[in-house]
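Quick note: the coordinates plus some simple rules give every number you see, no bench work behind them. Not measured: the values here are computed from a predicted model. Cβ placement follows ideal geometry from the backbone for every residue including glycine, while neighbour counts extend to all protein chains displayed.
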Amino acid sequence: MSVQALVILCVALLLVAAGLWLWQRAAERGRQQAASAFMDEQLHRFDAGHAVVETVKELYPPVRPKGVHGRLQNMMLRAGIVPGPKFFVPWIAALVLLPLSAALLGGTVSAAVLFGMVLVAALFQLWWCAEKRRQKMVRQLPGFIDALVRLITIGNSLGSAFHTAVPSVEAPLLEVLERANQLNRAGMELDAALVHTARLYRFYELELVAAVIGVALRFGGRSDQVLERMAAFMRDLQQAREELHALSAEVRLSAWVLALLPAGVAGFILVFNNDMFMGMWTDPVGQKMLVGAFALQLIGSFWLYRMAKSV
């Protein structure tokens, strides 16, 4: 690897780090400006309804974000990770140091492969944290419904019971319910706020609660009995899901190993001995073998995912 290529790679990685830092600073500045604008509008009482709507748009991102920045921000929100040095510094260091070491040892191809592997690992961490938080919120939801039912039973209205029960919930469900609570205080209907928040966090069990609350707010009825039965059903479903999860642990672990092991071995060889792959790529037969292996890996990973998902 030439010195010029190494310098270009270092500059590119530093630009990536600088871009992430600037993105973080811009996000923080945007939130501060939105909060300041909201306070100014409320203090001066000029067009208060418009100020609330604009503040909600700034502070609460859309349910289906567009672009890489929006999707990344939504994934970090669902994972419960606050954008800051604690999260970005280790990954930026890995994105800079590991490809640089691979470039010195194996060349440009090794650096590019390792750079991609680090990016995939970062995205996998976000997905894993988001999935763990969602599962914990599912386990917490029946307890919140029980508290809601008790407050309704002693004479509170549905909206008042919801606002009273929210502070008694622990994180991470507290974050979701507080967001819905603030949307409701900003003027959105309670059921619509719950649906919006549930779709934002991919927390679809909360949509069932929102449907019951919406029917109760519009048509009345014994919503406490429906919610009580729903909480019992969620507990039974969660217990059955955990039992199935324990019984299928071996199958899912085998699927993970069979899907990741070939990709990991191929990445290891590309990083530490990419001459073998480059020799195969320049040969017509070797090129067809590599393309076929890549296609088979994709198909096999897809079917293993479907098999693990079905159990």
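Below, the figures for the structure above:
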quantity	calculated
Whether the range 267-311 is rounded, prolate or oblate, judged on the alpha carbon gyration tensor where a/c under 1.5 counts as rounded	oblate
Distance between modelled label sites at Ser301 and Met276, nm, 7 Å Cα→Cβ extension	2.0
Overall form of the range 202-275 per C-alpha gyration tensor (a/c, 1.5; a/b vs b/c)	oblate
Radius 14 Å from Cβ of Arg150, net charge of other residues (Lys, Arg +1; Asp, Glu -1)	-3
Percentage relative contact order, the range 133-205, counting C-alpha pairs under 8 Å, at least six apart	28
Efficiency of FRET between Arg218 and Gln238 - r from beta-carbon atoms, R0 30 angstrom, step 0.05	0.55
Extension gain (nm, one decimal) between Arg71 and Glu205, 0.36 nm per residue minus Cα-Cα	46.1 nm
Cα-based shape type of the range 156-311, given that a ≥ b ≥ c are square roots of the gyration tensor eigenvalues and the cut on a/c is 1.5	prolate
Förster-model FRET efficiency, 30 Å R0, Cys129 and Lys288, C-beta, rounded to 0.05	0.15
